Amino acid sequence: MKSVHSLRPRTNADLPVVASWVPNAEALYAFAGPWMTWPFLPEELDDLHRRPGATAWMLDTSDGEPVGHVQLTPVDDALRIGRLIVAPSVRGEGRGRRLLRLALDHAGARGVSRVQLGVLASNTPARRLYESLGFVADPETLDAPMMLMARDI
Ligand SMILES: CC(C)(COP(=O)(O)OP(=O)(O)OC[C@H]1O[C@@H](n2cnc3c(N)ncnc32)[C@H](O)[C@@H]1OP(=O)(O)O)[C@@H](O)C(=O)NCCC(=O)NCCS
């Protein structure tokens, strides 16, 4: 496995790369929930201006190949992690965990004390990843299609 270093800010050149990791409507639903509809156009990712304070980040290999993406949005006194995705060709190799840990470090560096996210109850890989890093489901959403999860930094 190629090694990974830190997160870098997303650029416009990354938009089609990230979009290429979402091959169909089902994958789009897992990635973005019900807020985006298929077909998924790269420019639809470019909506940070609609989310005050939001930032978007890429994970590269040490060779500079983009392999992961995450968006961080301030929500009240917490930071919301969203649009987490790893390139399909390198899933299951620890990139998602690395990406999430770096996002948590970033949140901590911003002085945020709590992080939250939404995940489809049916998205087992993502739920397992979040649970393994200490995210706990809001009991009120346990039976909902979209679960809210959170943890302290
Ligand atoms: C969710 C996702 C980001 C995980 O990335 P990844 O690089 O494959 O994950 P990792 O290799 O870092 O695995 C970390 C943990 O996630 C869980 N996990 C990953 N893939 C899994 C799978 N296919 N089945 C069950 N659990 C899985 C495991 O707990 C794993 O830990 P382990 O290897 O010790 O068992 C990736 O599957 C993805 O991009 N999915 C499509 C987009 C998406 O659903 N995003 C989440 C939106 S809420």
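At-a-glance table
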item	result
Single match in 59, 79, 84, 45 (criterion: in contact with a helix residue (DSSP H, G or I) (Cβ under 8 Å, 6 or more places away or on another chain) and more than 26 Å from residue 144 (Cβ to Cβ))	59
Which numbered condition residue 37 misses (of (1) at pLDDT 95 or above; (2) among the β-branched types (Val, Ile, Thr); (3) away from the ligand (no atom under 15 Å from the Cβ))	(1)
Scan of segment 107-130 for residues that are assigned to a helix (DSSP H, G or I), closer than 17 Å to residue 150 by Cβ and within 11 Å of the ligand (Cβ to nearest atom), ordered by number	126, 127, 128, 129, 130
Identity of the residue in segment 78-106, near the ligand (Cβ under 6 Å from one of its atoms), free of Cβ contacts under 8 Å to residues at least 40 places away in the same chain and in a helix (DSSP H, G or I), that ends up surrounded by the most Cβ atoms within 10 Å (Cβ to Cβ)	96
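The values are calculated or read from the model by the stated rules, or taken from the named source; none is laboratory data. Every value quoted in this text rests on a predicted model; they were computed, and no experiment measured them. Because the Cβ atoms are built from the backbone with ideal geometry, glycine has one as well, and the counts that use them run over all protein chains shown.
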